[in-house]
Amino acid sequence: MTTPPTPGLSTRCIHAGDHLDERGGIHTPLYNHSTFAFTSTQGVLDVVEGRANGNLYTRYGLNPTIRSVEEKLASIEGGEAAWVFSSGMAAEAATLLSCCKTGDHVVCIGDVYGGTYELLGTNLPDLGITTTFLLGSQLDRLPEALRPNTRLVFFETPTNPNMEVLDIAAIAAIARRHGVLTVVDNTFATPVNQDPLALGADLVVHSTTKYLGGHSDLTGGAVIGSARLLQPIWMWRKNLGQMMAPEVAFLLARSLRTLVIRVRAHNDAAATLARRLAEHPRVASVNYPGLTTHPGHAVARAQMKGFGGMLSFVVRGDAAATAAVVDRLRLFAIAPSLGGVESLVTQPVTTTHHGLTPEERARRGIVDGMVRLSVGLEDVEDLWADLEQALAS
Ligand SMILES: *Cc1c(COP(=O)(O)O)cnc(C)c1O
């Protein structure tokens, strides 16, 4: 007997994890029930004691709709298992709490999401878990930053909002040599563009609120990896009560079925806008990993299959002139978040990085004239026309 070939990514996005019922519905139904009934005491015991894979209680994740989207996510990211959460931050918090205990240490490389920065820099130190933050340009200092009590290395790539590219395979190899786990936030790239687990990462976390949900209508998170590493995270999720609602899991599964075509369209539109912005006289620079001028382009070409729908650029002008450009945009909505069908714009100094001191912003290369775009799925010529009119002074 030969093993059948692994289906392609689009096929897995559509079919992986389907739990069909006897009524013939074409995909897993929504079981929004909080609890499930048994026909005997023995049946309850079999599930509670782990002999049977039955449904029991939704907060535990023992719900067919939850299990279905988890199997789909595991298949898409190339992991053995996945857990879903009520938000991306819930997934990160449970993962960090599960992997680290008091006295342990984390190394965080490059810019990370604001909530992640607070969790690592403020909340976890209260529990005696400390973090060393390295800039993406300080990778040479990684080996000396890894201490005997270091449990994991955490990073995103591409990063927000500089779109810096970090070499996943290189970092994971150094971490592994020191017996340290590598955890990658793959929210920006998505599994369509980047496979951190195949490149050597141990765990992948996601804000499914972004591209995986894709329609700005759900909030959720996930962690994907080996069954061995995921097993202890399960109890943290259960007892911190961080479960994704079944209605959200159903909506997420609906969105994942179109993930590949959506992300490829985001990639194409962002690449077009990045090229045109780079030639615009009012634009000083463009950060997009797909541009050959991007400092991380070679690494991006090696580890990414597409360069994503996120880009940032620097307007020639001060903070007020940049805000005026942002305010003139009509199709790009001024909003945090990213990854939805609607194009969004932010000026990092006024939103995502408002809380940082001017010195810290300067150290991280976040300048007043920086504008971040989440390129949506509107017609790219309409998006370009909007940018052109906003940039015309
Ligand atoms: C949004 C985001 C998060 C946090 O996700 P929530 O779903 O808002 O909790 C984490 N990492 C990245 C890269 C994000 O963009």
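Convert 37 °C to kelvin, take the viscosity as 0.692 mPa s, use the Kirkwood radius over C-alpha pairs of the range 259-392 as Rh, and evaluate the Stokes-Einstein diffusion coefficient in µm²/s, rounded to a whole number.
218
How large is the charge dipole for the chain, taken about the Cα centre, if only the Cβ atoms of Lys, Arg (+1) and Asp, Glu (-1) carry charge, to the nearest 20 debye?
So the magnitude is around 500 debye.
Using only protein heavy atoms and a 1.4 Å probe, report how much of ILE261 is accessible, in Å² to the nearest 10.
Solvent-accessible area, nearest 10 Å²: 120 Å².
Which of rounded, prolate or oblate describes the range 95-242 when judged by the alpha-carbon gyration tensor and an a/c cut-off of 1.5?
In terms of gyration-tensor shape, rounded.
What is the set of long-range amide H partners of GLY220 at a cut-off below 5 Å, with H atoms built 1.01 Å from backbone N?
It is GLY88, THR208, THR209, by chain and number.
R0 = 45 Å: FRET efficiency of ALA302 with GLU360, Cβ-based, nearest 0.05?
0.90
Please list HIS27, HIS33, HIS354, HIS297 from largest to smallest accessible area, probe radius 1.4 Å, with all protein chains kept in place.
Largest accessible area first, the list is HIS354, HIS33, HIS27, HIS297.
In whole Hz and in residue order, list the ³J(HN,Hα) couplings for the range 315-327 that follow from phi through the Karplus curve 6.51 cos²θ - 1.76 cosθ + 1.60, θ = phi - 60°; x for Gly and Pro.
In residue order, the calculated couplings are 7, 6, x, 8, 4, 5, 5, 5, 4, 5, 4, 4, 5 Hz.
Calculate, axis by axis, the spread of Cα positions in the range 204-251 along the three principal axes, and write the results as whole Å, longest axis first.
Projected onto the principal axes, the Cα atoms of the range 204-251 cover 32, 21, 15 Å.
With a Förster radius of 51 Å, plug the Cβ-Cβ distance of VAL44 and HIS178 into 1/(1 + (r/R0)^6) and report the FRET value to the nearest 0.05.
With R0 = 51 Å, the Cβ-Cβ based efficiency is 0.70.
Using only the heavy atoms of the protein chains and a 1.4 Å probe, how would SER255, SER98 rank by accessible area, largest first?
Ranked from most to least accessible, the order is SER98, SER255.
Could you give the angle, 0 to 90 degrees to the nearest 10, between helix 64-77's Cα long axis and the longest principal axis of the Cα atoms of the chain?
50
Which semi-axes, in whole Å and largest first, does the equivalent ellipsoid of the chain have when worked out from the alpha carbon gyration tensor as the square roots of 5 times its eigenvalues?
36, 26, 19
Before I look further, what does the chain give for accessible area per residue, probe 1.4 Å, in whole square angstrom?
43
If GLU279, GLU156, GLU360, GLU118 are ordered by their accessible area, calculated over protein heavy atoms with a 1.4 Å probe, which sequence runs from highest to lowest?
GLU279, GLU118, GLU360, GLU156
Tell me the accessible surface of CYS100 in square angstrom (1.4 angstrom probe, heavy atoms of protein chains only), to the nearest ten.
10
In straight Cα distance, which lysines are under 22 Å from LYS238, not counting same-chain residues fewer than 8 positions off?
Within the straight-line limit of under 22 Å, LYS238 reaches these lysines: LYS72, LYS101.
Can you list the HN-Hα couplings for the range 241-257, worked out from phi with the Karplus curve (6.51, -1.76, 1.60; θ = phi - 60°), rounded to whole Hz and with x for Gly and Pro?
x, 9, 5, 6, 5, x, 4, 6, 4, 5, 5, 5, 4, 4, 5, 4, 4
Residues with amide H under 5 Å of ALA81's amide H, sequence separation 5 or more or different chain, H placed in the peptide plane at 1.01 Å from N; which?
Excluding prolines and chain starts, which carry no amide H, the hits are GLY225, ALA227.
How many angstrom lie between the C-alpha centres of the range 112-154 and the range 319-393?
Taking the Cα centre of the range 319-393 as reference, the centre of the range 112-154 is 28 Å away.
Whole-Hz Karplus ³J(HN,Hα) for the range 6-16, in order, using 6.51 cos²θ - 1.76 cosθ + 1.60 and θ = phi - 60°, x for Gly and Pro?
5, x, x, 4, 5, 5, 5, 4, 7, 10, 4
ALA284's amide H: which non-local residues (gap 5+, or another chain) put their own amide H closer than 5 Å, with H modeled 1.01 Å from N in plane and none for Pro or chain starts?
Residues meeting the amide H criterion: VAL314, VAL315, ARG316.
With only Lys, Arg, Asp and Glu charged, each at its Cβ (+1 for the first two, -1 for the last two), find how big the charge dipole of the range 295-393 is about the Cα centre; round to the nearest 20 debye.
Roughly 480 debye for the range 295-393.
Given R₀ = 25 Å, FRET efficiency for ASN123-ALA170 by Cβ-Cβ distance, to 0.05?
According to the calculation, E is roughly 0.30.
The values are calculated or read from the model by the stated rules, or taken from the named source; none is laboratory data. Just so we're clear, the structure is a prediction, and the values are computed from it rather than from any experiment. Ideal geometry is used to build each Cβ from the backbone, glycine not excepted, and the neighbour counts take in all protein chains shown. What goes into the accessible areas is simple: the full protein's heavy atoms, side chains included, and nothing from ligands, DNA or RNA. Shrake-Rupley method; radii C 1.70, N 1.55, O 1.52, S 1.80 Å.
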